[in-house]
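For reference, the structure is listed below as structure tokens.
The values are calculated or read from the model by the stated rules, or taken from the named source; none is laboratory data. In this text, all values refer to a predicted model and were calculated from it rather than measured experimentally. Note that we place each Cβ from the backbone using ideal geometry, even for glycine, and neighbour counts take in every protein chain shown. Remember, those area values only see protein heavy atoms, side chains included, never the ligands or the DNA or RNA. Shrake-Rupley method; radii C 1.70, N 1.55, O 1.52, S 1.80 Å.
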Amino acid sequence: MKLFDVYPVNAIEIQKGQGSYVFDANGTKYLDLYGGHAVISIGHTNPHYVNRLTEQLQNLGFYSNSIEIPIQKQLASLLGEVSGKTNYQLFLCNSGAEANENALKLASFYNNRKKIVAFKNAFHGRTSLAVAATDNPKIVAPVNETDNVVFLPFNDETALEKAFADFGNEISSVIIESIQGVGGIQLATDFFLQKIRTLTTQYNAVFIADEVQCGYGRSGKFYAQDYSGVEADIYTMAKGMGNGFPIGGISISEKFIPWHGELGTTFGGNHLACAAALSVLEVIKKDNLMANALEVGNYLMNELKGFDKITEVRGKGLMIGIDLPMELKAVKDNLLFENKIFTGYAAPNVIRLLPALNVSKVEADIFLEALKGQLNKY
């Protein structure tokens, strides 16, 4: 049997990671400023993370949600404290797609409606509802196609108001990434997020903040949505939640009253996943990583804005998009193969930076110097 060939891969085999660095099979050291799609939040093989998982594995790796699992309650309590959403409820699952799937389903249960409002260039996952709300027809299979999802222009308050005026009583939920990741690090304005809050409240629709990539402290606040000054009804999360261990979740406002069987999962909230997630929150809290994300992120963006060959720099905290002219789109690969620095991309010409939240200014300077050298070649 061979692997199903769906991933374009770089010819690099990573065998070891430590902090913001990874090492390939030849021992070559790379600076990791992408963290495997914003997953590595507290650094590769963080000692506290390793100890938490090892200790849990030595006691119990898994049992289903048919029994008491105290570590889930510990996670919910600490997540409420660190996120500032102490009055919310937590449902645990395994991935960002699952988180969004369950959020959309929960919204539909709540108001008994079907229509979903999503936005141009959105990416919410690859499961049935999540991919239907993703603005990429190429990955929407015929079985996923539905007339229940309406895509509106991002940050267009007039279009949003018109949609609610036309069919507001049919809208179950509005789902939005406060900062679009795959869409190229596009930021929702505070006014737009406030408008979503006003209209969803007026029409008894559900406001879902997709914080799978932009959440968990990456923006400098726990959820990027927090910058708007209004609260969503449901926050979805996953990528940075387990520092590489698969876990996802939804933080659910108290207006939702659960009933047995409403949502469910076999592996969601298992003992190992909760141990991983607890370690992440403990390190974020102890080491004040949200402040570090904001400080280092602001430093990077301020420096990058002085590079004359960069078209635009966008982002918040350590979620940064660097727009390059099309003729410079090779810079991302050059950084990897010549400077040994992992970054990401969106479209062909946007470099995405999504490093661990404890990345340092020293490592930021390594990147800035390498990027300057690459740009100077053109």
## Note on the structure
Quarter of the surface of the C-alpha convex hull for the chain, i.e. direction-averaged projected area in nm², equals 19.7
## Note on the structure
Counting Lys and Arg as +1 and Asp and Glu as -1 over every other residue whose Cβ sits under 14 Å from the Cβ of residue 274, the net charge comes to -1
### Task
Please work out the Cα center distance from segment 88-126 to segment 214-257, rounded to the nearest Å.
13
### Message
Can you divide the C-alpha Rg of segment 48-118 by 2.2 N^0.38 Å and report the result to two decimal places?
### Response
1.42
### Task
Between beta-carbons, use under 13 Å as the cut-off and find the net charge around residue 152, counting Lys and Arg +1, Asp and Glu -1.
-1
## Note on the structure
Regression test value, accessible area per residue of segment 109-155, probe 1.4 Å, units Å², expected 55
### Task
State the extension gain, in nm to one decimal, for the chain segment bounded by residue 4 and residue 51, taking 0.36 nm per residue of separation less the distance between their alpha-carbons.
13.5 nm
### Query
Looking at the chain, do any whole DSSP H helices span at least 30 angstrom along their long axis by alpha carbon and average -1.0 or above on Kyte-Doolittle, and which?
none
### Task
Leaving ligands, DNA and RNA out of it, report the carbon-plus-sulfur percent of the accessible area of segment 316-378 at a 1.4 Å probe.
55
### Summary
Mean accessible area per residue over segment 236-293 (1.4 angstrom probe, all protein chains present, square angstrom) is 38
### Message
For segment 149-223, I need the span (max minus min coordinate) of the C-alpha atoms along each principal axis, in Å, sorted largest to smallest.
### Response
36, 22, 21
### Message
Using a 1.4 Å probe on the protein heavy atoms, what percent of the accessible area of segment 96-162 belongs to carbon and sulfur?
### Response
49
#### Entry: Accessible surface of segment 1-81 [probe 1.4 Å, protein heavy atoms]: carbon and sulfur percent
55
## Note on the structure
the chain, Gaussian network, Cα under 10 Å: of 326, 237, 290, the residue fluctuating most is 326
### Summary
The Rg/Rh figure for segment 164-288, Cα atoms and Kirkwood Rh, to two decimals is 1.00
### Neighbour net charge for residue 195 - beta-carbon separation under 13 angstrom, K R +1, D E -1
-2
### Task
State whether segment 25-86 is rounded, prolate or oblate according to the following rule on the C-alpha gyration tensor (a ≥ b ≥ c being the square roots of its eigenvalues): a/c under 1.5 gives rounded; otherwise a/b larger than b/c gives prolate, and the remaining case gives oblate.
oblate
### Task
Mind jotting down the three principal axis lengths of segment 221-368 based on Cα atoms? Whole angstrom, largest first.
57, 32, 31
#### Entry: Kirkwood Rh (inverse of mean 1/r, distinct Cα pairs), segment 9-144, angstrom
18.7
